[in-house]
Amino acid sequence: MRTHLLLLLAVASIYCTNISAQQKDETSLTEADTISNFSAFKRSLSFSGVLQTRYMASLNDQVDVNGKHFNPSTGAKGVRNTFLVKRARIMVKANINDHFSANILANLADFNGTPANKVLENAYIKYSLNKYFNVQAGQFRPFFGIEDAIAVDIIRTLDFSNQYYAFGRNGWQSFQIGLSVFGQLSKDGNLRYFAGVYNGNNRNQPTDDDNTKNVYGRLEATIAPDFTVAMNAGLGSMAGSGTGNAWGGDATAKIDLTSRWQLLVMAEYKSGSDFLAHNSSTITPKPAISQFRTRGFYFFPTLRYEYEHPRVRAIELSTRCEWLDENYKQAKNGRQTIIPNVSLIFADNFYAALQVGVAIDRYKHDIRLTNAYSYNLAYAQLQIRF
């Protein structure tokens, strides 16, 4: 009897032990709860970059590879074809702990020309509290359009839009020095905000050029799977020009046509004060800053085929159609650009790609011996991410 009782108690003990092991301990702590010093929690250091080489050839006898018209009858000889290194970017990201990080991005290709106020692109410190609140301070690209939201090392065609560079020169986009906050507004991440304040006189400047700071805001909403719309607005000045403004809207969409074919679409419109035109104007008396405006629109569809060959992962056919008019209230001269492009992607996520295309530029009024002159530019470029 005693033997049977001991055996029964042993079986009961094993059963209770198994039940206890399967139960969740509600009082257990997470890894973070047990840490008393977060100085090096999740600390890491990573390096990445992009190298982009290019061959360009002007298809017009009197226009050089930079789009500037020259007159051969005067003995002028423009360079009509060239090889060049467009980008040689190195990025360093350091995670100090789970909240603080630092990001530095330099374009070594700028040393090929005049490196003053160039080379250094990103240089900011980021604090991430959670998915709803992030802060970054230093030099970065304000989120003021689609092209600011896309990774700086992914370029699906010849270059960024003409609009991007025009608004960048006037301090609305591209690399600026200041402070930015961003994050989600909804739990599912379908509504996002971006806001900030910055100098507005472009990158690598020791100080601001006036006492007025630029402010901006962007609101993004994913209203359907793979379909996002956004609105931007900003106020600012440059070199005492007076307070101007910029605003715009954009949309992106991805449509799965078949299991291998996708259609990617981007469209964007912006209008903003042209500080450079205002400050360089010789009109007397000088009109108000409201009379110097830039506006532009582009439509960028990309048809992607997932080839999924071991050596060729995808093929993209795209055409960027863009309309831009700088300083259209004082010197109206619309510019239309069409860039058909073919991309062969040899490694996923654009880690290796060959792109071939033609940039077709047309101005309403050609201005001789300037860059405001219609021309066609053929190009082939190879870019590698690492």
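Just so you know, the Rg over Rh for the chain is 1.12, from Cα atoms, with Rh as the Kirkwood radius.
Between the alpha-carbon centres of segment 335-386 and segment 135-170 there is a gap of 17 Å. Helices in the chain, meaning DSSP H runs of at least 4 residues, each add -39500 (n - 2.57). Divided by all residues, the mean residue ellipticity at 222 nm is -3000 deg cm²/dmol. Site pair THR284 and ASP61 shows an inter-label distance of 4.4 nm when each label is modelled 7 Å from Cα along Cα→Cβ.
Going by neighbour counts of Cβ atoms within 10 Å, the residues ASP33, ASP64, ASP209 line up, fewest first, as ASP33, ASP209, ASP64. Over all other residues within a Cβ to Cβ distance under 13 Å of LEU369, the charged ones net out to 0, with Lys and Arg as +1 and Asp and Glu as -1. Projecting the Cα atoms of GLN184, HIS69, LEU45 onto the charge dipole of the chain, computed from C-beta unit charges around the Cα centre, puts HIS69 farthest toward the positive end.
Strictly over 23 Å apart at the Cα level, which of LYS93/LYS270; LYS270/LYS364; LYS68/LYS364; LYS131/LYS213; LYS213/LYS270 would you flag in this model?
Those over the limit are LYS93/LYS270; LYS131/LYS213.
Summary value for segment 38-385: 14 percent relative contact order, contacts being C-alpha pairs under 8 angstrom separated by 6+ residues. Counting other Cβ atoms within 10 Å as a rough exposure proxy, the listed residues THR74, THR212, THR337 run THR74, THR212, THR337 from fewest neighbours to most.
From least to most packed, judged by other beta carbons within 10 angstrom and beginning with the fewest, PHE70, PHE83, PHE350 follow the order PHE83, PHE70, PHE350. In straight-distance terms, cross-link reach from LYS118 covers every one of the lysines whose alpha-carbon lies under 18 Å from its own, apart from those fewer than eight places away in the same chain; here that gives LYS86. The long axis of helix 2-22 is offset from the longest Cα principal axis of the chain by roughly 10 degrees. With the convex hull drawn around the C-alpha atoms of segment 125-270, the volume per residue stands at 124 Å³.
Bridging of LYS332 to aspartates and glutamates at a Cα separation below 18 Å is possible for ASP274, GLU322, ASP361, ASP366, once same-chain residues fewer than 8 apart are set aside.
Tally Lys and Arg at +1 and Asp and Glu at -1 over the other residues with C-beta under 15 Å from the C-beta of SER281: what net charge comes out?
Net charge in that neighbourhood comes out at +2.
Read the figures in this text as sums done on the coordinates, not as results from a lab. Since we're looking at a predicted model, the values are computed, not measured. Don't worry about glycine lacking a Cβ; one is built from the backbone with ideal geometry, like all the others, and counts go over all protein chains shown.
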